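Okay, so here's the structure we're looking at.
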Amino acid sequence: MTIETYTIYPTKKYNRPPPPSRIVLHGLDLLSSPIHILNHRFYRPPTDTITNVIDKLKFSLAEALELYPPAAGTVRTDENGEVYIALDAENISGTPFLVEMRDTPFVGDSEDLSPRTVVLLPPLSSTLAVKVTQFSCGTIAVASSMHHQVADLCGFLDFLELWAQLARSEPIDLTKIPDDWSRTPGRFFPDLIKESSLPTSPPPPFTVLSVPQTEVSASLLVSSDVTRWKFTKNAMERLKLDFSPSIDSSDEYKSDLWISSGDALAALLCGVITRARENGKVTRVEGRSHLDSQTEIIAMAADGRERAPQRNMIDGQYFGNFNTLWSATISRSDLSSLTCEAASHVALAIRNTLKVQLSPEAIAHKISFFEDPQNNKPIGRITWSADIILTNWCRFDLQGPKLDFGWGKPFSATSGAGKIYPSGYCVMMQEKSSGDVLVLMTVEQEGAEFLKTDLLLNKYATMITIS
């Protein structure tokens, strides 16, 4: 098996207005360390030759990089500690594009299909990296990696869908590409951003330190066991029904008791992790809630673009990170219980938290908090922690027709097959064609067997394995 490496540079075809030479990153971009978002997609064999397929992918990627300049830049930090995307000529170092031809058939996802397998990207890493693998059976894997401080999943998919559209030789709607690359999300919430001479109070789960944080939280460094689970569409329907609070048909407040299937799933997963930790007697390290609190903190990244009052932040109009992290403080006794009644309490608490913390007003307050110099200077003073961290990708179609590169849409998509994640972490994805939900879930090693045998989890889900 040999791997060929190419370097892709932006074309100069579209005569677009030149981007700024420097895009300063927003506090929401810097919520995460310099990690990367991975997407693996798997395609049936094309009718064209693999040489033509690879050439088409490379040429169309070069065009996509021209239309999305930040994807071709380099994340740097200046002498004042300001983090930015450098877009001057000397910082357009090219996108690595790897090609591997395997003499074995496709049997499933694996970590070595990724263009890069590190957890933290080294300084001056390329913003984007791609690896294309063809198996002996003809199946093609297209794996892509995006620097998370440059974009969140929503922005990453906007870029990937444009690349696929170019590969299909379809006309491009330039109005769906940002004409302003600045990281200024407040411009989409103009009437809700309030100027004040007083420090903006921290929204949950954030705190402001007196000095910048220089060490990673101990809770993020604990070794974890990674498992993957499948919830069928029918199982998701049963889960929502079982976890929905009891409602009297005549109750005038019944709308306040509604939960989504996502709320039910989040409640289940948080309960599973909590029980596994308790049964495995997992030590509470720095970054976790104190045992005496009788509560656990749940945090979830939630895309805020659709919450802009004028709905002018959607359809590719903001490229960056706009995951407005929310958090809920949940009763540990409810999380520890195996009853559906207790789980319904958790699901309803999650729903009520979402309604408050994802309102346009709350998001505008969060933007102001991150942009307040009294909070963000020097960089590194804003921090947060949680017992359980959730990422919900279910609203995104990760294997739909918009990701067809010219020979059919992918038959499968994953978030990569890595084995290194923080403990107490979940990623949820949905197959739109079947309605099935796939979940990656982690827990400390001491709780691993208890998680795998959790009665409530196994009532609704089956564990899946990867090679």
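The values are calculated or read from the model by the stated rules, or taken from the named source; none is laboratory data. Note that this is a predicted model, so its numbers are computed, not measured. Please note: Cβ atoms are built from the backbone with ideal geometry, for glycine as well, and neighbour counts cover all protein chains shown.
For segment 118-136, a tally of residues being assigned to a loop (DSSP other than H, G, I, E, B) and closer than 19 Å to Gln149 by Cβ returns 9.
Considering the conditions (1) buried (at least 21 other Cβ atoms within 10 Å of the Cβ); (2) more than 17 Å from Pro70 (Cα to Cα); (3) aliphatic (A, V, I, L, M), Leu221 is excluded by exactly one of them, (1). Restricting attention to segment 376-390, the residues that are surrounded by fewer than 20 Cβ atoms within 10 Å (Cβ to Cβ) and in contact (Cβ under 8 Å) with a residue 24 or more places away in the chain add up to 8.
In segment 404-441, which residue that is in contact with a Ser or Thr (Cβ under 7 Å, 6 or more places away or on another chain) and free of Cβ contacts under 8 Å to residues at least 40 places away in the same chain is nearest to Ala235 (Cα to Cα)? So the residue we want is Met429. You will find that of Phe59, Phe135, the residue that is over 23 Å from the mean Cα position of the chain (by Cα), among the aromatic types (Phe, Trp, Tyr) and within 25 Å of Lys176 (Cβ to Cβ) is Phe59 and no other. Gly81 - would you say it is farther than 30 Å from Gly186 by Cβ and exposed (fewer than 15 other Cβ atoms within 10 Å of the Cβ)? No; evaluated as a whole, the condition is false for this residue.
Screening Val226, Val222, Val272 for residues that are touching a residue at least 12 places away in the same chain (Cβ under 8 Å), more than 26 Å from Lys432 (Cα to Cα) and among the aliphatic types (A, V, I, L, M) leaves exactly one candidate, Val222. Flag set for Ser260, criterion: modelled with pLDDT of 90 or more, within 24 Å of the chain's Cα centre (by Cα) and polar (S, T, N, Q). Within segment 68-118, if we keep just the residues that are closer than 25 Å to Val132 by Cβ and of a type in the set (Lys, Arg), the residue that is nearest to the chain's Cα centre (by Cα) turns out to be Arg116. Residue-level analysis places Gln134 outside the set of residues that are touching a helix residue (DSSP H, G or I) at 6+ places or on another chain (Cβ under 6 Å) and buried (at least 23 other Cβ atoms within 10 Å of the Cβ). Give the residues of segment 359-418 that are closer than 30 Å to Thr214 by Cα and acidic (Asp, Glu), sorted by residue number. Passing the criteria: Glu371, Asp372, Asp387. Filtering segment 27-79 to residues that are aliphatic (A, V, I, L, M) and not in a helix (DSSP H, G or I) leaves Leu28, Ile35, Ile37, Leu38, Val75. Within segment 422-467, track down each residue that is of a type in the set (Ser, Thr, Tyr) and either crowded, with 23+ Cβ neighbours inside 10 Å or not in a helix (DSSP H, G or I) (or both). Ser423, Tyr425, Ser433, Ser434, Thr442, Thr453, Thr462, Thr465, Ser467 - these are the residues of segment 422-467 that are of a type in the set (Ser, Thr, Tyr) and either crowded, with 23+ Cβ neighbours inside 10 Å or not in a helix (DSSP H, G or I) (or both). Pick from segment 47-68 the residues that are polar (S, T, N, Q) and touching a residue at least 12 places away in the same chain (Cβ under 8 Å): which of them is surrounded by the most Cβ atoms within 10 Å (Cβ to Cβ)? Across segment 47-68, the extreme among qualifying residues is Ser60. Where the second residue is among the β-branched types (Val, Ile, Thr) and assigned to a loop (DSSP other than H, G, I, E, B) and the first is farther than 23 Å from Pro378 by Cα and in the same structural domain as Asp88 (by TED's automatic domain parsing) and lies in segment 11-28, which pairs have Cβ atoms under 8 Å and are six or more apart or on separate chains? Pairs that qualify, where the first residue is farther than 23 Å from Pro378 by Cα and in the same structural domain as Asp88 (by TED's automatic domain parsing) and the partner is among the β-branched types (Val, Ile, Thr) and assigned to a loop (DSSP other than H, G, I, E, B): there are none. Pairs meeting the criteria (first residue in segment 302-330 and among the aliphatic types (A, V, I, L, M) and modelled with pLDDT of 95 or more, second residue in a loop (DSSP other than H, G, I, E, B) and surrounded by fewer than 20 Cβ atoms within 10 Å (Cβ to Cβ), beta carbons under 8 Å, at least 6 apart or on different chains) are Ala308/Ile314. Yes or no: Leu160 hydrophobic (A, V, I, L, M, F, W, C), more than 30 Å from Arg284 (Cβ to Cβ), surrounded by fewer than 19 Cβ atoms within 10 Å (Cβ to Cβ) and not assigned by TED's automatic domain parsing to the domain that holds Pro378? So Leu160 fails the test.
The set of residues from segment 1-24 being in contact with a strand residue (DSSP E or B) (Cβ under 6 Å, 6 or more places away or on another chain) and closer than 16 Å to Tyr68 by Cβ comprises Ile8, Ile23.
In the condition set (1) in a helix (DSSP H, G or I); (2) surrounded by 15 or more Cβ atoms within 10 Å (Cβ to Cβ), Glu90 is compliant with all but (2).
Number of residues in segment 304-331 that are within 16 Å of Ala266 (Cβ to Cβ) and touching a Ser or Thr at 6+ places or on another chain (Cβ under 8 Å) equals 6.
Results for (1) assigned to a helix (DSSP H, G or I); (2) touching a helix residue (DSSP H, G or I) at 6+ places or on another chain (Cβ under 8 Å); (3) loosely packed, with under 15 Cβ neighbours inside 10 Å, shown as yes or no for each residue.
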residue	(1), (2), (3)
Val142	no, yes, no
Met146	no, yes, no
Gln149	no, yes, no
Gln165	yes, yes, no
Ile172	no, yes, yes
Asp179	no, no, yes
Pro190	no, no, yes
Lys194	no, yes, yes
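The residue that is nearest to the chain's Cα centre (by Cα), among those in segment 306-329 that are within 15 Å of Gly155 (Cβ to Cβ) and not in a loop (DSSP other than H, G, I, E, B), is Asn323.
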